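Derivation of every value follows stated rules applied to the coordinates shown; laboratory data play no part. All values derive from a computational prediction rather than experimental measurement. Note: ideal-geometry Cβ built from the backbone for every residue, glycine included; neighbour counts use all protein chains shown.
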Amino acid sequence: MINFIKNLYEVSGAFFENISYSLWNLGLTVETYQYPKSLVKNYGDMYGFLKLKPNEDRNKHQCVVCLECQKLCPNSAIKIEKFPTVHSKIILLSFEHNISCCTNCGLCIDICNENAIEFTGGYETSELLENKLTVDILKIFRTKPL
């Protein structure tokens, strides 16, 4: 019983201390600070699915399959499969972007030395099945030339 009263006294003391702090700051104005524009990177429409940028002749992509975007992605939203050939050239077999895992942080765009990927700027997330939120980015290059 003594321990119960002792614990009740300690808890009530902390409770009243927090209440008094809240009441003290009740009339104060809240100040928020904005980051300098130099620290905030703007990727334009920084949302949506990833898209591979076409090269100059517009029938191939600029990706050199370095896998840096896949390695750096904190949520493993990018899945790349590659196929090495005899002449030390690497062929990109699949490039998938899972929008249900992606937080649109832009790290994949930052790390890409070839400037090969960008956000599309739009998507539909009202899907019931998670597999519909995974997009094959190479599909555009397989079906028709740009």
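Can you tell me which of 75-86, 11-22, 60-71 comes out highest on packing, and rank the rest after it, using the mean Cβ neighbours within 10 Å? Before the final figure, lay out each step's value.
Details: 75-86: 13.7, 11-22: 9.8, 60-71: 17.2.
Highest to lowest by the protection proxy: 60-71, 75-86, 11-22.
So, in nm, how far is label K79 from label N113 when the simple model puts each one 7 Å beyond its Cα toward the Cβ?
Here the answer is 2.7 nm between the modelled labels.
What's the FRET efficiency of I90 with T134 using the Cβ-Cβ distance as r and R₀ = 22 Å, to the nearest 0.05?
The computed FRET efficiency comes out at 0.45.
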